[in-house]
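The values are calculated or read from the model by the stated rules, or taken from the named source; none is laboratory data. Only a predicted model underlies this, so the values are computations on that prediction, with no experimental measurement involved. Note: ideal-geometry Cβ built from the backbone for every residue, glycine included; neighbour counts use all protein chains shown. Ligands, DNA and RNA are excluded from the accessible area calculation, which covers all protein heavy atoms including side chains. Shrake-Rupley method; radii C 1.70, N 1.55, O 1.52, S 1.80 Å.
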Amino acid sequence: MARETGARELGGTGLTISAVGFGSWVTGGPGVMGWGAQSDDESVAAIHRALDGGVNWIDTAPVYGFGHAEEVVGRALAALPPADRPLVFTKCGLVWDDDGVEGQDLTPGSIRRECDDSLRRLGVDHLDLYQIHAPDPNGPPIEESWGTVLELLAAGKVRHAGVSNLDVGLLDRCEAVGHVETLQPPLSLIRRDAAADVIPWCARNGTGVLVYSPMGAGLLTGAFTAERAASLPADDWRSRNPDYQSPALERNLALQDALRPIAARHGVPVGAVAIAWTTSVPGVSTAIAGARTPAQVDGWLPATTLHLWPDDLAEISSAVRATGAGSGPVVP
């Protein structure tokens, strides 16, 4: 594997990881949380391109394609010598039945089964980071679920333990049971809310932060258009999301255009600027970027080493105000 680029410490885990990791959500293909049809061969090629470019970790989840994304990641891992394999992060708590209906289950028994299933699909003997995917308001107390993840940590099946999509109140409750090593919240120039509360919580508690959808799930790549939004297939979750519909779409595309001069000054794609903004937010350790193809990986790899200057950040803040895009603090 190539040398890691833009290496950062992930909170207090002791892990040194690249400033951007590969997110495998899209590799799951169509489904309730899917992105439409996707070639497994292209997915594997994209993963390998990212690793060749210095990325040293992959984030996945069982629910992406109902196990399929983990199987694709496992296939990509199996093609590599053990010494070249990246760190693998996955999750638990979002499940499905035989009819493909998605649900939630954070009971101890389900978490343990999910862990074993993920190990099998990925073809590994441990998980480098195991995360509660999302809170279940109708499930057991979060303390019980988090305690189960910590038991897997003690058993050696999991090297590090974290959570995703939890608010400050739930983070406090988990922390009282055992240290929350990492949090995975959404963060982009369109969804900035995490910068107001959970990311500062992590900074105070020594918790690493891996943000997801830093390019606004495609809206800030530099290649998204109104025509693309209108043509999204029904099995792509974005076709049902308000950010891809008027009037939000026009504001989001205007913000995308405002990033072009900054990208041109640095000689990088627009998507790299969008990602670098997230990793410049105080308290953020790293960002997760997905890709369908090796070419899409090339579109964001420069973000691993891109440094945005104060003038760049001020210009971005002005663009957020001018376009009215998204929500959350304009200047984190």
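For this structure, a couple of remarks:
- Amide H contacts for LEU127 (H built 1.01 Å from N in the peptide plane; partners 5 or more residues away or on another chain; cut-off under 5 Å): VAL158, ARG159.
- Three-way shape label, the chain, alpha-carbon gyration tensor, a/c 1.5: rounded
- GNM flexibility winner over the chain from ASP236, ASP59, ASP97 (Cα, springs under 10 Å): ASP97
- Taking the Cα centre of the chain as origin and assigning +1 to Lys and Arg Cβ atoms and -1 to Asp and Glu Cβ atoms, the resulting dipole is close to 800 debye.
- Couplings for segment 217-223, taken from phi via the Karplus curve 6.51 cos²θ - 1.76 cosθ + 1.60 with θ = phi - 60°, read 6, x, 5, 10, 7, x, 10 Hz in order; Gly and Pro are left as x.
- Angle between the chain longest axis and helix 310-323 axis [Cα atoms, degrees, rounded to 10]: 80
- For ASN165, the residues whose amide H sits under 5 Å from its own are GLN184, ignoring neighbours fewer than 5 places away on the same chain, with H placed 1.01 Å from N.
- With the simple spin-label model, which puts each label point 7 Å out from Cα in the Cβ direction, the ASN138 to THR305 separation comes to 5.0 nm.
- Label point of ALA83 set 7 angstrom out along Cα-Cβ; within segment 34-62, amide nitrogens under 19 Å from it belong to 51-57.
- Using the Cβ-Cβ distance between VAL177 and GLU9 with R0 set to 30 Å, the FRET efficiency works out to roughly 0.80.
- Taking the charge dipole of the chain about its Cα centre, with +1 at Lys and Arg Cβ atoms and -1 at Asp and Glu Cβ atoms, the residue from TRP309, PRO86, VAL55 reaching farthest to the positive side is TRP309.
- Most fluctuating residue given options VAL101, VAL284, VAL297, as computed from a GNM of the chain linking Cα atoms under 10 Å: VAL101
- Total charge dipole magnitude, segment 199-300, about the Cα centre, Cβ charges on Lys, Arg, Asp, Glu only, Debye to nearest 20: 240
- A Förster radius of 22 Å combined with the Cβ-Cβ distance from ALA264 to ASP52 puts the calculated FRET efficiency at roughly 0.25.
- Over the C-alpha atoms of segment 103-183, the Rg to Rh ratio, Rh being the Kirkwood estimate, stands at 0.94.
- Charge dipole of the chain about the Cα centre (unit charges at C-beta), most positive-ward option of ALA319, VAL168, ALA248: ALA319
- Across segment 104-116, computed HN-Hα scalar couplings (Karplus, 6.51 cos²θ - 1.76 cosθ + 1.60, θ = phi - 60°) run 10, 7, 10, 6, x, x, 5, 4, 5, 5, 4, 4, 5 Hz from first to last residue, x flagging Gly and Pro.
- Whether segment 225-332 is rounded, prolate or oblate, judged on the alpha carbon gyration tensor where a/c under 1.5 counts as rounded: oblate
- Compared with the dominant principal axis of the Cα atoms in the chain, helix 248-258 is inclined by about 70°.
- Per-residue ³J(HN,Hα) for segment 275-282, Karplus 6.51 cos²θ - 1.76 cosθ + 1.60, θ = phi - 60°, Hz, x for Gly and Pro: 5, 4, 4, 5, 6, 8, 5, x
- For segment 166-257, size of Cβ-based charge dipole, Lys and Arg +1, Asp and Glu -1, in debye: 80
- Share, in percent, of DSSP beta bridges within the chain that are antiparallel, nearest 5: 20
- Per residue value of the accessible surface for segment 223-269 (all protein chains in place, 1.4 Å probe), Å²: 52
- Shape category assigned to segment 1-159 from the gyration tensor of Cα positions, a/c cut at 1.5: oblate
- Among the protein heavy atoms of the chain, carbon and sulfur supply 53% of the accessible surface, probe 1.4 Å, non-protein parts ignored.
- Potential extension, ALA154-ASP116 segment - 0.36 nm per residue separation minus Cα distance: 12.2 nm
- Folded to 0 to 90 degrees: helix 142-155 orientation relative to the chain principal axis, Cα: 70
- Charge context of GLU151, other residues only, Cβ under 10 angstrom, K/R +1, D/E -1: +2
- In the elastic network of the chain, a GNM with C-alpha springs shorter than 10 Å, the most mobile of GLY109, GLY290, GLY29 is GLY109.
- Amide H within-cut-off set for THR293, under 5 Å, with H built and near neighbours excluded: none
- 13 Å tail of the calculated P(r), segment 208-268, as % of Cα pairs: 65
- Averaging the sequence gap over all C-alpha pairs within less than 8 Å and six or more residues apart, then dividing by the number of residues, gives the chain a relative contact order of 20 percent.
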